[in-house]
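Report on the structure given below.
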Amino acid sequence: MNRLSILATGLILFLTTSCNRSDSGMLFDGKDSSKWNTSEGVSIKDNSLTFTGQGAKAILKDGKYKDFELTMEVKTSPGAKGDVWFHTDNALDKGYCIAINNDRNDPVWWKMTGSLESVRNLTKSFVKENEWFKMRIAVEGKAITVDINGEPVVEYIEPTAPYRIAPNTKALLSEGTFAIVNNSGKEIQCRNITVNVLDTKTLDTTTQQVNAVDEQKDEIIRLHQEDFPVLDYHVHLKGGLTKEGAARQSRHVGINYAIAPNCGIGFPITNDDEIMAYLDSMRTQPFILAMQAEGREWVTTFSPEKRSEFDYVFTDALTFTDDEGHRTRLWIPEETWIGKDQQKYMDMIVDRICMVLKEPMDIYVNPCFLPAPMDQKYDEFWTEARMNKFITALKESGKALEINARYEIPNKAIIQKAKAAGIKFTFGTNNVVPEVSLLEYCIRMKKECGITANDMYKPKIKI
């Protein structure tokens, strides 16, 4: 079975494992920190274990936990960042760590609160700075789960052959103690720290691992290991894909999703009130929230104030009025009038793209698309002169460029020119079926064109 077809089976086993909970214990009750070895910068404040200095840490004494459920309440001051370690030692030389980071201005914006660091990095924090939130971390056999305020954000099964690179070679399940570390010097508070030891003697870890991702063949774990932002910026709830199904699929494959409704005349969202109703229904979901602006009328259909409520806005140049006055939708042959002079039509497409780039959006998607049958000669139509004209307009616009997995566009030559010009990139599926892609084309272009984390567009995430 492929990794998407085993999704339902794997998650059922993952989420319904029956374990008896025993040996419940309070690790910090707000008054007594004697169970912890604490460094300078750790104190008790407002019934909380408080970390105020960079590198300040608390390591649980004599901890030897394997299967457990660890819960705590956490609050971060502005700019604060830290980690919760498990299966570690006094030197923090092994085990996994879970990120504490609610700073949406952080340049490393793909390691937000709840991330199983460098294995399942998260691009969105559920919580705000200066607000208490509850974190739950559990290990049951080979399964690691992380919940934030009762919502699952990580569901990871460690396979029989995990893929790890230096310095992550010891990020593996074993057993060990817990630690809390401040990485920023900004204040972090933790309270009501409790552990429950789980009895997993009857748990079949072999069955768990049958449903794990084969990391020796998986490209997604490689992105996480190199701390590259793992985000599909262009996902739709289409073809029967629900927000619940999208969340489960995202957690299983390890790709964060940005969900975008189609907004425009004749589409599901047609006015400002519908924008706000949609966002109200999605704010607490584990997705970045994008707007796909449709047609050329979208600029006047929706107000700037309501458009700005999305984390970003994207559009394409597939809909326009051609030189003969036809309303054209390039992906529909019956609504595309190419005529006999394909070169002339190509020049018009480039002109329309350059016009669209002046619209007030953040990302240009389905980029440099050509209609059938012109798409069969994509590289021929995208001449050096046309590519240069497009890249100049794109650079002047300040917009990001999508690398599209569905259509496998733009081509390598355009991407290379865009990178040389300092253009930011996004990876996008633009799915019409429930199975969102694994970004195969995007990852191939990343490798071939040398795209780095610094080349990726950073969303302006809101809560």
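Each reported figure results from applying straightforward, stated rules to the coordinates on display, with no laboratory input. Quantities reported herein were computed from a predicted structural model and do not represent experimental measurements. Using ideal geometry, Cβ is built from the backbone for each residue, glycine included, and neighbour counts are taken over all protein chains shown.
Key figures for this structure:
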item: Amide H contacts under 5 Å for Ile403, placed H, 5+ residues apart; result: Thr426, Phe427, Gly428
item: For segment 82-89, Karplus couplings with θ = phi - 60° (6.51, -1.76, 1.60), whole Hz, Gly/Pro x; result: x, 9, 10, 9, 9, 6, 10, 10
item: Per-residue Cβ neighbour rank within 10 angstrom, fewest leading, Asp83, Asp227; result: Asp227, Asp83
item: Distribution of pairwise C-alpha distances over the chain, 10 Å bins, in %; result: 4, 19, 27, 23, 15, 8, 3, 1, 0
item: Segment 67-166: translational diffusion in µm²/s, Stokes-Einstein, Kirkwood Rh over Cα pairs, 25 °C, 0.890 mPa s; result: 176
item: Part-to-part distance (alpha-carbon centres) for segment 251-326 and segment 355-424, which is given in Å; result: 20
item: Whole-Hz couplings from phi, Karplus 6.51/-1.76/1.60, listed for segment 120-127; x for Gly and Pro; result: 9, 6, 10, 9, 9, 8, 6, 10
item: In Hz, Karplus ³J(HN,Hα) per residue of segment 93-99 (6.51, -1.76, 1.60; θ = phi - 60°; x = Gly, Pro); result: 9, 7, x, 10, 9, 10, 6
item: Charge dipole of segment 7-210 about the Cα centre (unit charges at C-beta), most positive-ward option of Ser33, Ser115, Leu173; result: Ser115
item: Principal semi-axes in Å for segment 237-300 [√(5λ), Cα gyration tensor, largest first]; result: 24, 12, 10
item: Fraction in percent of alpha-carbon pairs per bin - 10 Å, segment 224-339; result: 12, 38, 30, 16, 4, 0
item: Dipole-positive endmost among Ala277, Phe390, Gly245 within the chain (Cβ charges, Cα centre); result: Phe390
item: Distribution of pairwise C-alpha distances over segment 7-210, 10 Å bins, in %; result: 9, 36, 38, 15, 2
item: In nm, spacing of pseudo-spin labels at Ser34 and Lys94 (7 Å Cα→C-beta vector); result: 3.0
item: Proxy reagent accessibility, fewest Cβ within 10 Å first, across Leu279, Leu49; result: Leu279, Leu49
item: Size of electric dipole in the chain: Cβ of Lys, Arg +1 and of Asp, Glu -1, about Cα centre, debye, nearest 20; result: 740
item: Of Lys128/Lys460; Lys306/Lys399; Lys217/Lys460, pairs whose Cα-Cα distance is over 24 Å; result: Lys217/Lys460
item: Where only alpha carbons of segment 338-463 are counted, the Rg and the Dmax (Å); result: 14.6, 51
item: Entries in Lys66/Lys186; Lys31/Lys94; Lys419/Lys447; Lys377/Lys412; Lys358/Lys424; Lys57/Lys124 that, when Cα-Cα distance is taken, lie over 21 Å; result: Lys66/Lys186; Lys31/Lys94; Lys57/Lys124
item: Ile332-Asn149 FRET efficiency (beta carbon distance; Förster radius 51 Å; 0.05 resolution); result: 0.70
item: Exposure proxy ranking, count of Cβ atoms within 10 Å, fewest first, for Arg283, Arg251; result: Arg283, Arg251
item: Whole-number percent relative contact order across the chain, with pairs defined as alpha carbons under 8 Å at least 6 apart; result: 15
item: Calculated FRET efficiency for the pair Trp132/Ser281, C-beta based, R₀ 25 Å, to 0.05; result: 0.50
item: Kirkwood Rh, Cα atoms: Rg over Rh of segment 228-455; result: 0.95
item: Simple label model, 7 Å out from Cα along Cβ direction - Lys344 to Thr242, nm; result: 5.3
